[in-house]
Amino acid sequence: MGDTSGFPSKRAKNTDAKIEDHKVSVYVWDMDETLILLKSLLNGTYAEAHGSSKDVEKGKEIGKMWEKLILDLCDDYFHYEQIENFNEPFLDSLSKFDDGQDLSDYNFDQDGLGPPKDDANKRKLAYRLRAAGYMYEKGLRNIFNQDLTEKWDHLYQMTDEYTDGWLSSARSFLDQCSTGQEDPIACPDSAKGKAEKSNSHCINILVTSGSLIPSLAKCLLFRLDGLIKHKDVYSSWEVGKVQCFEWIKERFGGPNVEFCVIGDGWEECEAAEAMRWPFVQIDLRPNSSHRFPGLTLRTLGFYFSIVYGNRGAATDEVEE
């Protein structure tokens, strides 16, 4: 893990009235092999978990197509070649160096960004991070031309079919987490507790071990940008997940706030334990309920209840 002395000690405390006055559930998500599948496609572990029902080579081919699309998006629209060696933990980490200059005609290729990482170069890097946030908010359908949009749509659909709806199910579940409401089709008795949910507020946060810019590109390409704001994406690449979780607690923490971590790896598990937050481990195996499709708000409620106490019907036993 790299030196964290150059990073801010914390992010600004959230002052949203909904955070102050309502019960808040903060879902802290890992990205790879949780909300999206990529590494397990490239190395064949997703197909192997499904026995002979999945074509390993097809999965690897799909993964390689995603890799190329991610890198092309980073290089063509996010100045990644210029800032690859300047990873930051979140987009506004250098905001104090940003003087607010209009970037509409700014020439990023001619401003001389490079070492050392002094105040002048931090300002140039802050410009690029602000521009990345703008591109994220703009969305790929306002960036890609028709041909590239069609190729992206085809790849997404092909991947979703190959993974039995993992991508679309994960997106649907993120939406459920945002609203605090179960899908009524998937969970017919989800009407119970709607009155309680009306007094709650739910937030999706992403903490990924990948570097920041490629992670933002993945959010766009895997269609998570409408459900996770760019200000809610953290990279633990250099600072570690415990540090990111501490920033999140400082930002959202309060007497009415509960946190839950969802991911597949040991690092987020250990970080959740260090914070005394519940951890839900995602499992690729097709017979698991801790995967997509499969994971439900009722299941997450069970994990919340272990740490924070009774959450009503959510305390029903969870199937392993």
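Numbers for the structure displayed
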quantity	calculated
The lone exception for Trp66 - which of (1) in a helix (DSSP H, G or I); (2) at pLDDT below 95; (3) in contact with a Leu (Cβ under 9 Å, 6 or more places away or on another chain) it fails	(2)
Conditions (1) over 16 Å from Asn87 (Cβ atoms); (2) in a helix (DSSP H, G or I); (3) in contact with a Phe, Trp or Tyr (Cβ under 8 Å, 6 or more places away or on another chain); number of the one not met by Arg128	(1)
Criterion (touching a strand residue (DSSP E or B) at 6+ places or on another chain (Cβ under 8 Å) and either part of a helix (DSSP H, G or I) or of a type in the set (Asp, Glu) (or both)) met by exactly one of Glu161, Glu88, Glu57	Glu88
Pairs, first on the phi > 0 side of the Ramachandran plot in segment 164-176, second open to solvent by less than 10 Å² (accessible area, probe 1.4 Å), C-beta under 8 Å, six or more apart	Gly165/Phe292
Matching strands (runs of 3 or more DSSP E) fully within segment 229-303 where at least 2 residues are of a type in the set (Phe, Trp, Tyr), surrounded by 19 or more Cβ atoms within 10 Å (Cβ to Cβ) and in contact (Cβ under 8 Å) with a residue 12 or more places away in the chain	none
Meets criteria (under 13 Å from the mean Cα position of the chain (by Cα) and basic (Lys, Arg)) for Arg251	no
The one condition in (1) closer than 30 Å to Pro286 by Cα; (2) in contact with a helix residue (DSSP H, G or I) (Cβ under 7 Å, 6 or more places away or on another chain); (3) surrounded by fewer than 20 Cβ atoms within 10 Å (Cβ to Cβ); (4) at pLDDT 95 or above that Leu140 fails to fulfil	(1)
Condition check for Ile70: crowded, with 16+ Cβ neighbours inside 10 Å, β-branched (Val, Ile, Thr) and under 20 Å from the mean Cα position of the chain (by Cα)	yes
Only listed residue being surrounded by fewer than 18 Cβ atoms within 10 Å (Cβ to Cβ), touching a residue at least 12 places away in the same chain (Cβ under 8 Å) and touching a helix residue (DSSP H, G or I) at 6+ places or on another chain (Cβ under 9 Å), chosen from Gly112, Gly59	Gly112
Some residue of segment 22-33 being open to solvent by 10 Å² or more (accessible area, probe 1.4 Å) and modelled with pLDDT under 95	yes
Selection within segment 91-104 - open to solvent by less than 60 Å² (accessible area, probe 1.4 Å), under 22 Å from Ser236 (Cα atoms) and assigned to a loop (DSSP other than H, G, I, E, B)	Leu91, Ser93, Leu94
Options Glu67, Glu88; residue that is within 27 Å of Leu206 (Cβ to Cβ), in contact (Cβ under 8 Å) with a residue 60 or more places away in the chain and not aliphatic (A, V, I, L, M)	Glu88
Checklist (1) in contact with a Lys or Arg (Cβ under 7 Å, 6 or more places away or on another chain); (2) modelled with pLDDT of 95 or more applied to Asn14, failing item	(2)
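The values are calculated or read from the model by the stated rules, or taken from the named source; none is laboratory data. A quick note: this is a predicted structure, and the numbers were derived from the prediction, not measured. We place every Cβ from the backbone using ideal geometry, glycine too, and count neighbours over all the protein chains shown. Protein only, heavy atoms only, side chains kept; ligands, DNA and RNA dropped before computing areas. Shrake-Rupley method; radii C 1.70, N 1.55, O 1.52, S 1.80 Å.
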